[in-house]
Structure formats: structure tokens, C-alpha cells
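A.B. asks: The structure's right below; bear with me while I get my questions together.
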Amino acid sequence: MPATLRIPAIAVAAALCAHAAAQDRPMHANLSPALLPMYRDLLTGGTGDLLIIGDSLTVRPGTFTYAIDDLLWEAHGIAGDGFRGIGQGFDADMRQGISAVGGNGYWQSGASGGREPYYGPYTLEGGFIELNPGGHRTYHVFGPHVRVYYVTQPGGGAFQVISGGKPLALVGTAGELGHGFVDVDLGGSGLDVRELTVRAAPGSEGPLVVSAFEMRTGAGGYMQHYAGRGGVGPEDFLTADRATFSSIVGSIDPDAVLIMLDWSGYDEPPGFRADIESLIERVHDGAPGARIVLLTHHPFKETIATQADTYLAIAEAGGHGYVNLYDLFDGREELEALGYFDDFVHLSPEGGRYVGGYLFDLFEAYGRAGVAADQNGDAELDHTDVLAFLESFTQRRASADLAAPEGVWDYSDVTAFLVSFGLASE
């Protein structure tokens, strides 16, 4: 029997969404269509990739994204730690982090390096390191398969990728200003910590810039990719070279992209909607099939209400998913009383676990419901799925066997489909 429904998740999600009755804004909208391709992969043994484009609230150690990662790994298996920039500020000696453990002869950008002169626009996450002649930097990474991203430029030098004292690749970076990547196999399997060193090749004198790692296990399951910059809004990401941004997103090839940005940094409210819509366009330049989920911030300031309204308008106009964290709490006073603030903006580990668990239950409920409801497999939810279910049910096909007992087609399967289709249509 296909694993399509998780009734406890549906019940929890429904209970948590009771806030909506007292709010003008819904707590969420259009989640099943937005999550359907990712969950179809997760439920059929493939890799479900989620790219998160956000500010520091999405990448600081212990925030809600780490809880989502752990919960989805437990539910669906671990496909890897995904894409992670290597600028200074958000590195973490944690499962979803990259820990820098040594090196010399390098310069490292800040946590919001997208505006750093010359190289920042040719990265996705905004972070990078610049290696001097003879310089090197060593990291702890997870999983046997690593993609190393770097900046290409006229007169660029060459670097080695080394693990266990063994050179795995010699990479030349000379070319037009842009980006490139190289895939290396560190050997073994599973998620053991491995050391990986990027070192300027002997005799190389040209400039060298390395920007990110993408870590994969080679197995099916969930993989979460981080593109986070501290204290910025969408306009900061729009300073990236468009071809580079779209190409790296295409390399990641996410099923879904979660965006959590307000108008911090260089944005202003009047242009915020246009900037978010431009950012979505750039995502679709590289990954045309990626579905979008717009996630508001929690209520650390009152102006997040405007972000929540703007996100809802964008979601309704573009058919994107939407989750409203602003109305999940009764203002920052409730967050403080619950111990969910780490400071005046960021979530504490307890707050991160709560928000992560809330989002996980929404994802599980609406993602699984979408897969069960999409009976004709076209990744769209409409009346043709009802007709396809009736045909499969009468023919006793596995796709209509949605409820226990397995191998029996009866009213419980019809009920399960109707529940899934109704939930998926919200």
C-alpha cells in the first residue's frame, strides 16, 4: 500500500490552523500543489530537493530549518546535506553545517558577501573564500559525494581538491567571469564526517575563489539546500549576476523553493513585491519546474504584517504556496513568554524546534495529500483526478488502494481519497 496519508499530521495541522478563524489572512494556502513534485519523489524512493532562499532566520544554527531537515530525514531518508555556501558567519559544527577546521593564505567573505566587490555577484549564497598563492582551507563535510562551486574569471588560477591526503581533482578557473563546479567522490558511503581541502595548485599565481559545497549521499530521501544571507531582502539577491544565479539554481534542480525574506537591508516596502516576483522569475530561469512556497517571518516586528499581506497577494496571483507565521503567535510578547526568542529577532533553539515541527506537520499533511489526490500523475489537482480515481478504484489498481487493509478496495479508500483531495484543494 502506498504511504500517502499521515492522519496525525493532518489532525495536528488542522488544530494549529485554528488561529485562522480570528485572522483576515489564512494561515496557509496552496501547499499541496507547491509540495506535490517534492513529495512524489520522497514517496517513491527518489530525492526530494528543497532550496531555501532567506535571511539569517533561515540559516543560523538551531533555527527552524534545522528542525525541518531532521524531521524530514527521519521520515524519508537522507539524500544529503545539500548546497551550502562557505562564507564566514553561518558555518556550524552541526549536521547541516560546514565546519572550517584549518587553513592559511586565504581571505573569507562575510556572512552577506553577495555585495562584496567583484566576486560576490558570482555566487548564490553570497559567501566565498579567496585563496592566495600557496593558500588552502580545510572543511568537515558530510557524505561521499561533493560538488565544489568556484568563480571563473580571466587569468584565474588553479586549485586542488584534496581528501585524506589524496588529490582528487585539479581545477582551472580561467575563463569568462562566471562560475563553475567540479564533482568529487570522497569514497565510502553514509554520512560520516570527511575532511576536504581546497588548495591553490603548486605554481598557481592567478586569483582563486571557491564559493560553496553541495553534499550528497547518493541515496534517495530528503535534501535541503541553503541560500541564506544575513540582514537582507530580495533586492540583495537580485544583485547577483543573473546567469550565475540561474545556473546554480539549475544545478541544484530543486523540486520546491521556499522564500523567506522581508525588506531588510537595501529593500524598501514600495518595491518589495516587484523584487520578490523578480526573484521568482530568476529561480524559474534555472529551474522552470520548481514550485514556490512563500513563508512569512514570525512577528518580531509589526511591519511583518505587511510582508504577510504582500506574500499572500503574490501567492494568489502566481499560484504559489503560502505559509503565514506572523499570525501563528499573538505578537512578540507571546514569543518572549514562550522562550522562543534568542534575541530581539532570531528564534531560540526551542522556538526553532516548535516552528520547524509546525512546518513539518504542514508539509507532511499537504504534501502526502497532494500525492494521493493526484491520481493521473500530472502534478496538477483538478476534476480529472476524481475521474482517474474512480477508474483506478473500479479496476482495483494500487494507486486507489489508499487505506488499510492493503489489497482491499472499499469505502475506506474512497474516504481517504476524498479527505486527501479536499485537503489538497485548500
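A.B. asks: Filtering region 150-176 down to residues that are in contact with a Leu (Cβ under 8 Å, 6 or more places away or on another chain) and under 30 Å from residue 220 (Cβ atoms), which residue is surrounded by the fewest Cβ atoms within 10 Å (Cβ to Cβ)?
C.D. replies: Here the answer is 164.
A.B. asks: Answer with yes or no whether residue 384 is hydroxyl-bearing (Ser, Thr, Tyr) and without any contact (Cβ under 8 Å) to a residue 24 or more places away in the chain.
C.D. replies: Taking the combined requirement at face value, the residue satisfies it.
A.B. asks: Identify the residue in region 365-407 that is among the acidic types (Asp, Glu) and either part of a helix (DSSP H, G or I) or not assigned by TED's automatic domain parsing to the domain that holds residue 71 (or both) and, among all such residues, is farthest from residue 42 (Cα to Cα).
C.D. replies: 391
A.B. asks: Residue check: is residue 205 modelled with pLDDT under 95, assigned by TED's automatic domain parsing to the domain that holds residue 263 and either among the acidic types (Asp, Glu) or buried (at least 24 other Cβ atoms within 10 Å of the Cβ) (or both)?
C.D. replies: Judged against the criteria, residue 205 is not a match.
A.B. asks: Do any strands (runs of 3 or more DSSP E) entirely within region 112-206 hold 2 or more residues that are within 19 Å of residue 81 (Cβ to Cβ), and if so, which?
C.D. replies: 129-142, 145-152, 158-163, 178-185, 193-200
A.B. asks: Still on this model: Quickly run through region 264-278 and pick out the residues that are surrounded by fewer than 22 Cβ atoms within 10 Å (Cβ to Cβ) and either touching a residue at least 12 places away in the same chain (Cβ under 8 Å) or closer than 14 Å to residue 53 by Cβ (or both).
C.D. replies: 264, 265, 266, 267, 269, 271, 272, 273, 275, 277, 278
A.B. asks: Is it the case that region 19-27 has a residue that's buried (at least 18 other Cβ atoms within 10 Å of the Cβ), among the charged types (D, E, K, R), assigned by TED's automatic domain parsing to the domain that holds residue 316 and modelled with pLDDT under 95?
C.D. replies: Yes, region 19-27 contains a residue that is buried (at least 18 other Cβ atoms within 10 Å of the Cβ), among the charged types (D, E, K, R), assigned by TED's automatic domain parsing to the domain that holds residue 316 and modelled with pLDDT under 95.
A.B. asks: What about residue 51, is it closer than 22 Å to residue 239 by Cα and at pLDDT 85 or above?
C.D. replies: Yes.
A.B. asks: Within region 284-293, identify whether any single residue is assigned to a loop (DSSP other than H, G, I, E, B), over 27 Å from residue 240 (Cα atoms) and of a type in the set (A, V, I, L, M), and answer yes or no.
C.D. replies: No: zero hits.
The values are calculated or read from the model by the stated rules, or taken from the named source; none is laboratory data. Every value quoted in this text rests on a predicted model; they were computed, and no experiment measured them. Neighbour counts run over all protein chains shown; Cβ positions are idealised from the backbone, glycine included.
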